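Enquirer: Just dropping this structure here.
We did not get these values from a lab; they are worked out from the coordinates using the rules stated. Computed from a prediction, not measured in an experiment: that's the story for all the values here. No Cβ is skipped: glycine too gets one built from the backbone with ideal geometry, and neighbour counts run over all protein chains shown.
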Amino acid sequence: MLNQFGELLLSLTGFVLVAHLILIGWRFLPKTNQTVSNDELPVLRQLIVVAELQFALLVASFVLLIFQFLTHDFSNAYVAQNSSSVLPWYYGVSAVWGGHEGSLLLWVLILGGWHCALVRRGRAQMPSQLLSLVSAVLSALTVGFLSFILFTSNPFAQSESPTPIDGADLNPLLQDFGLIVHPPLLYMGYVGLAVSFGFAIAGLLLGRIDSNWARWTRPWTLVAWAFLTLGIALGSWWAYYELGWGGWWFWDPVENASLMPWLAATGLVHSLAVTDKRGLMKAWTVFLATLAFSLSLLGTFLVRSGVLTSVHAFAADPTRGVFILALLGVVIGGSFTLFALRAHRLAGDGSFALVSRESALIVNNILLVTATFIILLGTLYPLFEELLGSTQSSVGAPYFNSMFVPLGLGTLFVLWIGPYLNWRRHTRGKLTSWLLIAVGVGLVVAAGFGLVADWYWPVVVTVLSAVGLIIMIGLDAKQRLSSQGSAVQRSTLIKRSRLRPSWIGMHLAHAGLAVMAIGIAAVSFYSHEADTLLTKGQNYNFSGYSVRLSELSESIGPNYRAAIATLEFRRPSANPKSAAEFVLRPEKRFYTTRTAVMTEAAIDARWSGDLYAALGEQIQANQWSVRLHTKPLVRWIWLGALMITIGALVACFDKQLRAQGRNTTAPGLSV
Amino acid sequence: MSRLLLFIPLCLFAGLGIIFALSIGESPQNAANAMVGKRIPDFTLPGFNLKQSDPKSQDYTLAQVRGIVSVGEPWLINVFASWCAQCYLEHGFITRLSEQVMVVGLNYKDPPENAGKFLTELGNPYNLVLADLPGDYAFDLGVSGAPETFLISPDGQILARHAGVIDRLVWDQKFAELWRQYSEPIFKE
Amino acid sequence: MRACVGLLLWCFSALAVAAIDPVDFSQFEPEQAARLQARYHELNTILRCPKCQNQNIAGSNAPIASDMRRKVRQLLADGKTDTDIEQYMVERYGEFASYRPPVVRRTYFLWFGPLLFLFIMIGGFLTMLRLSRRNSQSDVQSEKDGEIR
């Protein structure tokens, strides 16, 4: 009975949104070429009622599903497939999005949430026409996905009778903190890009884009992008500690599917700056917004259609694949058609020199779009080969790394210059001398580094580019802070200075990229690994540590049995700071319901690097095969990503990013 | 001219869409048949010729095996093991095949007693059973599991390979034509 | 691909079971042993498990992955180069077995396409710049719009 009620809630949401679409279409579409008169109150009322109603219905259906999981309602087929009576309750909640159907419901719920948030924030400021069109786009997307859910992927489908006594339990890999945080944050990002997409479509439908459009779009895009950054970083961290072989990025199709929209969204965030400040590149910005969300949808397709082989993929089902492809065709095909027909109206006015901030931002976009192309090409290449009937290659890390290393390093070097160029035309300033300082300091650090550790040229170049980047930021900060004159007090200095949130956010994000690059270089070149046999009581030398397997024990968990090894690590040293002593307890878990075996790695995590231990097989009663890794600076990778996320969010607070009120336009930056 | 450029994204997407549409439903192909077309590698493996009156284990080389099973005819190598569930499924068809075609069984990573039990229970369709306990020779054939079946030409070329259960459909699609082609007499008179 | 149900189950359940076979090159001097270890682990990330859903042989505990790792270890001890070892695996398991696609006619677009793409984008940018400079109003005031930061 609950199942039918859940389906009812979803269908109701669909009907509400369809009615909403019809009303908006009837009211606004014929008039998109004119500015509609300010008869706005009833429209705004409709918008807010619909937005809140659909979100409330979606929340209700989601809560219902959670309830079914927590009460072990196995009359729901989805619940039966993804949980069991012995599953701990916190995993029971996250199991809601552990499978295909539930994850789609999460998708739609988050879409409803963004829609509601947009209408609530936007109704005070945005013209009702624009807001209505964006709302229409979001509504249409929601209806599309609800149809997909109700027709092919129903999370409220009835179990086949007789009702199962117990469920199949959640995949042990997913019984982890990572499942609780990674998908929701990731989907917040994916789905948030729909808002930017909505703005782009609205702009195309209206046939015009002004600076206010850019200012409304920017914060929404930044927030979505921040979530996406965080979501991807969490996925990487989760895979690292969960999968047991110490890798943090595999270039798996599903991972690539998340990176592509991120790259496009990064380009969008930068392109919006040009459209905002100069009213240029409007068509390109609209294209990027469409592209970013299209890649997001494409990711959904790739992950669920079975077209690509991946460890992450949901169970493949051709019917679903066809439906999603149709959805893709309508959304992406429709938006690209609209773009082809209407984008010529979005011409900007103005030009800029070759050496200018605009150029730098375009170079940024070029690099990012090229990166997106590389991932698309590499991920889909086996598909092309298969269709052409030729031998299939496996395209993996060697290919992507060889492409991304030069691209990434190039990006870091561009960041030395880009943010410090003037708009329109760069006039000679202190830039050249700054660059010399940056190169100088960077080379000194890189050379010094080369003396201390083994020399690898990618590491040296990375250190040079990262250090130089930080130096440039420091020099810029120094200039801005000192330009106020020494008589002014410190606190007002900060307030009145040019260290605005948008400045801080931007440089924090760029610095985060540098930090990430250092982490990646360190882990890639200076890791040590050993697969070895450890006998209880014996010592083993690894990377400067003395390791001893001191104890083997067992434990019982809620739905598993575990074998635990206690490993004692000692690194004696005359210098008390570098001496280390700690204990790691890697486990091997045997899950009873799904008869699966899992390795739980034990990690000693420090900013200077991790020590990673994972159990292999039990060779004899007192002997296990064990893998030990050192992972220098690996945490810097996720720290860098966190810096990017925070930078994006900080930038949102800048008043300059906020649009003017409904009836004003910023002077000098009009259409 | 620049307005035409605006259609590029649409065209690219249309192309991609077609590719995706064609790819749905086709299960992605795993390991390719890398050894097909190459000469079958040499080996020396312990084996049983259970069709002999007094089957004793002895070492067989490739040349010896070809002498026994492949007199001008193509022959099959069937990789099997007692731990392999699907091998039980295809056993019936292998038995039927063995009435027309010479089949050599390659026992893969299986202790001989278990293999013996398997063959006693289900019957032995093989002209010869070779034992590859460590799996090293199978590795050279590009075998990654059981069951797998190879068709070898009279002069030692690997003609075809199938990974998985072999049945009438698979035989017709992958092996039948080649088998007929290579077992035809050289002189058509 | 569907060789054996048992094998598949193994594979699936082995997703988070790190593939750990004790490996040591103790017959070599420590420095060379360390280098061989490093190459061993590197190769394990490049070679692909023929029976798994997109895993390298480092991360898979499938029997075939285990066999391949053992072979890699043996070939390394025999003094083979990394290229030799990749070639060895590709001979038996096809191009599929290596995550590094070869540079042959079939993959020219894969390896050189990105560079081509980059050039097209840069060319487009420079062209657009030149066109817009010709068409737009000239910028007489070259003052600091850089104040807008």
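Enquirer: Of A:547, A:17, A:86, which is farthest along the charge dipole of chain A in the positive direction, counting Lys and Arg as +1 and Asp and Glu as -1 at C-beta?
Expert: Selected residue: A:17.
Enquirer: Using alpha carbon centroids, what distance separates the range A:318-359 and the range A:216-283, in Å?
Expert: Here the answer is 18 Å between Cα centres.
Enquirer: Separate question: State, to one decimal in nm, how far the label point of residue A:543 lies from the label point of residue A:617, with both points 7 Å from Cα in the Cβ direction.
Expert: 2.5 nm
Enquirer: Highest mean first, what order results for A:195-207, A:620-632 on Cβ atoms within 10 Å? Walk me through the intermediate numbers first.
Expert: Working: A:195-207: 25.2, A:620-632: 19.8.
The most tightly packed comes first, giving A:195-207, A:620-632.
Enquirer: Scan around residue A:280 for amide H atoms under 5 Å from its own, H built in the peptide plane at 1.01 Å from N, and keep only partners 5 or more places away or cross-chain.
Expert: Correct list: A:275.
Enquirer: Then there is this: Given only helices, namely DSSP H runs of n ≥ 4 each adding -39500 (n - 2.57), what is the per-residue ellipticity at 222 nm of the protein assembly as shown, to the nearest 500 deg cm²/dmol?
Expert: Taken over the protein assembly as shown, the calculation gives -18500 deg cm²/dmol.
Enquirer: Treat the count of other C-beta atoms within 10 Å as a stand-in for reagent exposure and order C:103, B:104 from fewest to most. Kindly include the intermediate steps, with their values, before the conclusion.
Expert: Values: C:103 11, B:104 22.
Arranged by neighbour count, lowest to highest, C:103, B:104 become C:103, B:104.
Enquirer: Using alpha carbons only, how many degrees (0 to 90, rounded to 10) separate the axis of helix B:112-122 from the longest principal axis of chain B?
Expert: The angle comes out at about 90 degrees.
Enquirer: Take peptides A:461-467, A:76-82, B:34-40 and line them up by average Cβ neighbours within 10 Å, highest first, as a rough protection proxy.
Expert: Order by mean packing, descending: A:76-82, A:461-467, B:34-40.
Enquirer: How would you classify the range A:317-393 from its alpha-carbon gyration tensor, with a ≥ b ≥ c the square roots of the eigenvalues: rounded for a/c under 1.5, else prolate if a/b is greater than b/c, otherwise oblate?
Expert: oblate
Enquirer: Setting aside same-chain residues fewer than 8 positions from residue A:588, which aspartates and glutamates have a Cα under 17 Å from its Cα?
Expert: Once the sequence-local aspartates and glutamates are set aside, what remains near residue A:588 is A:176, A:242, A:531, A:551, A:554, A:600, A:617, C:21.
Enquirer: Check chain B for me: any Cys whose beta-carbon has no other cysteine beta-carbon within less than 4.7 Å?
Expert: Among the cysteines of chain B, those whose Cβ sits 4.7 Å or more from every other are B:11.
Enquirer: Further question on the same structure: Residues in the range C:46-80 near a label at residue C:111, defined as backbone nitrogen under 18 Å from the 7 Å Cα→Cβ point?
Expert: C:46-47
Enquirer: Under a straight-distance cross-link criterion of Cα-Cα below 20 Å, which aspartates and glutamates are reachable from residue A:577, leaving out those fewer than 8 residues away in the same chain?
Expert: Hits, sequence-local ones excluded: A:568, A:604, A:610.
Enquirer: Averaged over its residues, how many other protein chain Cβ atoms are within 10 Å of peptide A:304-313's Cβ atoms?
Expert: Neighbouring Cβ atoms belonging to other protein chains average 5 per residue here.
Enquirer: Over the whole of C:42-51, what's the average partner chain Cβ count within 10 Å per residue? Rounded to a whole number, please. Let's see the in-between values first.
Expert: Numbers: counts 1, 0, 3, 6, 4, 2, 4, 3, 10, 5.
If you average over the peptide's residues, the count of other-chain Cβ atoms is 4.
Enquirer: Given +1 on the Cβ of Lys and Arg, -1 on the Cβ of Asp and Glu, and no further charges, what dipole in debye does the protein assembly as shown carry about its Cα centre, rounded to the nearest 20?
Expert: Around 4920 debye, computed over the protein assembly as shown.
Enquirer: Now for a different question. For a test of the definition: using alpha carbon positions, the gyration tensor, and the 1.5 limit on a/c, classify chain A as rounded, prolate or oblate.
Expert: oblate
Enquirer: Given the peptides B:173-182, A:501-510, arrange them by the average over their residues of other C-beta atoms within 10 Å, most packed first. Before the final figure, lay out the partial values.
Expert: Working: B:173-182: 15.2, A:501-510: 21.4.
My ranking of the peptides, most packed first, is A:501-510, B:173-182.
Enquirer: Among the aspartates and glutamates, which have Cα under 18 Å from the Cα of residue A:277 when same-chain residues fewer than 8 positions away are ignored?
Expert: Of all the aspartates and glutamates, those that pass the test against residue A:277 - Cα under 18 Å, at least 8 places apart if same chain - are A:210, A:349, A:358, A:654, C:139, C:143, C:145, C:147.
Enquirer: If each residue's Cβ is checked for other Cβ atoms within 10 Å, how do C:120, B:19 rank with the fewest at the top?
Expert: In order of increasing Cβ crowding within 10 Å: C:120, B:19.
Enquirer: Please give the FRET efficiency for residue B:95 paired with residue C:32, using the beta carbon to beta carbon distance and R0 = 56 Å, rounded to the nearest 0.05.
Expert: So, using R0 = 56 Å, E works out to roughly 0.55.
Enquirer: Classify the range A:133-280: rounded, prolate or oblate, from the alpha-carbon gyration tensor (a ≥ b ≥ c, eigenvalue square roots; a/c under 1.5 rounded; otherwise prolate if a/b is larger than b/c)?
Expert: Values: a/c = 3.50, a/b = 1.51, b/c = 2.32.
Oblate is the answer for the range A:133-280, as a/c is 1.5 or above yet b/c matches or exceeds a/b.
Enquirer: A follow-up question, please. Any idea which of A:450, A:427, A:414 is furthest toward the positive side of the dipole for the range A:344-486, if Lys and Arg beta-carbons carry +1 and Asp and Glu beta-carbons -1?
Expert: Checking the options against the dipole of the range A:344-486, the answer is A:427.
Enquirer: Inside 10 Å of the C-beta atoms of A:238-247, what's the mean count of C-beta atoms belonging to other chains?
Expert: Working: counts 0, 2, 0, 0, 2, 6, 9, 14, 4, 4.
Mean partner-chain Cβ count within 10 Å for A:238-247: 4.
Enquirer: Turning to a different aspect of this structure: Give the separation of the Cα centroids, the range B:45-124 to the range A:563-620, in Å.
Expert: Computed from Cα coordinates, the inter-centre distance equals 46 Å.
Enquirer: Fewest first, what order do B:84, B:11 take by the number of other Cβ atoms within 10 Å?
Expert: The order, fewest Cβ neighbours first, is B:11, B:84.
Enquirer: Determine the alpha carbon to alpha carbon distance for each of A:430/A:655; A:430/A:631; A:282/A:655 and list only those over 30 Å.
Expert: A:430/A:631
Enquirer: Moving to a separate point now. Given Cβ point charges of +1 (Lys, Arg) and -1 (Asp, Glu) and nothing else, what value in debye, to the nearest 20, does the dipole of the range A:6-133 about its Cα centre take? Can you show the working numbers first?
Expert: Values: 6 positive and 6 negative charges, 93 e Å.
Approximately 440 debye in magnitude.
Enquirer: At 7 Å along Cα-to-Cβ for each site, give me the label-to-label distance between residue B:114 and residue B:5 in nm.
Expert: 6.5 nm
Enquirer: Which listed residue (A:566, A:267, A:141) has the Cα farthest towards the positive end of the charge dipole for the protein assembly as shown, taking +1 on Lys and Arg C-beta and -1 on Asp and Glu C-beta about the Cα centre?
Expert: A:267
Enquirer: Need the full-extension length gain, residue A:427 to residue A:578, defined as separation in residues times 0.36 nm minus the C-alpha distance. One decimal, nm. Walk me through the numbers before you get to the answer.
Expert: Details: separation 151, 0.36 × 151 = 54.36 nm, distance 4.98 nm.
This chain segment gains 49.4 nm when fully extended.
Enquirer: While we're looking at this one, here's another question. For residue B:183 and residue B:42, what is the calculated FRET efficiency with R₀ set at 30 Å and r taken between the beta-carbons, to the nearest 0.05?
Expert: Computed FRET efficiency for residue B:183 and residue B:42 comes out at 0.80.
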